[in-house]
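Below: the structure, in structure tokens.
Just so it is clear, none of the values below were taken in a lab; they were calculated from the coordinates. As the structure is a computational prediction, the values presented were derived from the model and not from experiment. In this analysis, Cβ positions are derived from the backbone assuming ideal geometry, glycine residues included, and neighbour counts consider all displayed protein chains.
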């Protein structure tokens, strides 16, 4: 089954709620991932304004033209 992100809503902090094409919803906190990031291209998303600037493109969540993105199935399962 191909799963895509239908909707992503910023909640607070570094949390985003995802609604997937198969009816599953998942809230994910990206804070630990971002704090532990070694790459400065990823670490810059600790800036909440930058973090909140995501978009949904072709059923995937992306930041700044795919500068940061995640496998859809991992997000579906709540894993980052």
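Of 12, 22, 65, 60, all but one fail to be out of contact with any helix residue (DSSP H, G or I) (no Cβ under 7 Å at 6 or more places or on another chain) and in contact (Cβ under 8 Å) with a residue 12 or more places away in the chain; the exception is 22. Quickly run through the range 62-80 and pick out the residues that are over 8 Å from the mean Cα position of the chain (by Cα) and more than 17 Å from residue 2 (Cα to Cα). The answer is 63, 64, 65, 66, 67, 68, 79, 80.
Against the conditions (1) surrounded by fewer than 16 Cβ atoms within 10 Å (Cβ to Cβ); (2) more than 15 Å from residue 11 (Cα to Cα), residue 63 satisfies every one except (1). Residues of the range 25-57 being loosely packed, with under 12 Cβ neighbours inside 10 Å and either under 12 Å from the mean Cα position of the chain (by Cα) or in contact (Cβ under 8 Å) with a residue 12 or more places away in the chain (or both), which ones? Scanning the range 25-57 gives 27, 41, 55.
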